[in-house]
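Taking it in order: structure first as C-alpha cells, then the write-up.
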Amino acid sequence: MPKGEPPSPQTLRKQYEAGATVQELVATSGLPYGTVLNRLRAAGTVMRTSWQTRRMREGVEARARLAARLRTLYDQHGATLDDLAAAAGKSKPAARRLLIEAGGQVRTTRQTIQIRSAASRAKQHKLAHWLRVRYEGGATVPALAKDSNFSTATVYRLLRQAGTPMRPQHRHGPARQPKEPS
C-alpha cells in the first residue's frame, strides 16, 4: 500500500482476522470507525464480539504461558513428555508441540534418566550433609532416623557417604554390674 493511502478492505480484513480490534484498525489506518466497519463488511469479514476477541487473545497468550511452563518443567526439573502431558491436560504429542513452540528440544530417554539421577544425587548429598551437621552437633543416629523418617541403617549409610567421623557406640540398656569375686 503506498504511503498516505487508506488500507484496502482486504488488508483491513487480514488484520482483523489476525486479532486486531476495530478500534485498533481505526487508530492505525486513520479512517473513521464507520468507514472501517463498512470496509470490513464489504470484504466479507465475519465480525466477532468483544468477548470473542478477548478469548482469542487469551488463547494465544495462555498457550504461550503454558508452553513456557512446560519447558521449565522439562529443562529444569527433568520432566518427561508424559509428565508434561499430565501437567497440561493434553496428549503427549500436543505436549511435545508446546515444548518445541517454547524453544525446547526433545531429549532422548537416556538424557532424561541422566538428568533425573543427577538431581537425585544432589538431593541425597544435601540430605547427607544435613544429617552430618546434626550428628556432629550431638544428635544420635536413632534421633536422626526418627526426625528424618528413615531407618537407622539408611542414616548410617548417608552419614558414611558424607564422610562423617562416627562416635563410639554406646550401650543404651541398664548398666552392667561388676562381677563378684568367687
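The values are calculated or read from the model by the stated rules, or taken from the named source; none is laboratory data. Source: prediction; values computed, not measured. Note that each Cβ is placed from the backbone with ideal geometry, even for glycine, and that neighbours are counted across all protein chains shown. The accessibility values were calculated without ligands, DNA or RNA, using every heavy atom of the protein model including side chains. Shrake-Rupley method; radii C 1.70, N 1.55, O 1.52, S 1.80 Å.
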Per the helix-only model, the chain has a calculated mean residue ellipticity at 222 nm (DSSP H runs of ≥4, -39500 (n - 2.57) each, divided over all residues, rounded to the nearest 500) of -21000 deg cm²/dmol
Excluding residues fewer than 8 places away in the same chain, name every one of the aspartates and glutamates whose C-alpha is closer than 20 Å to that of Lys146. Glu136
Based on alpha-carbon centroids, what's the gap between the range 133-168 and the range 5-84 in Å, whole number please? 59
Give, as a single signed number, the net charge of other residues whose beta carbon lies under 13 Å from the beta carbon of Gly137, with Lys and Arg counted +1 and Asp and Glu -1. +1
Helix 92-101 axis, angle to the chain major axis (alpha carbon atoms, nearest 10°): 70
Can you bin every Cα-Cα distance in the chain into 10 Å intervals starting at zero and give me the percent of pairs per bin, rounded to whole numbers? 8, 19, 13, 16, 14, 8, 8, 8, 3, 2, 1, 1, 0
Leu73: net charge of surrounding residues, Cβ under 12 Å, Lys/Arg +1, Asp/Glu -1, itself excluded? -1
What is the spin-label model distance, in nm, from Glu101 to Asp75 if the labels are put 7 Å beyond Cα along the C-beta direction? 1.7
Treating only the Cβ atoms of Lys and Arg (+1) and Asp and Glu (-1) as charged, compute the dipole magnitude of the chain about its Cα centre; round to the nearest 20 debye. 560
Can you pull the percent of the range 65-121's accessible area that's carbon plus sulfur, 1.4 Å probe, other chains left in place? 51
Tell me, what is the FRET efficiency for Ser50 and Ser8 to the nearest 0.05, using R0 = 25 angstrom and their Cβ-Cβ distance as r? 0.50
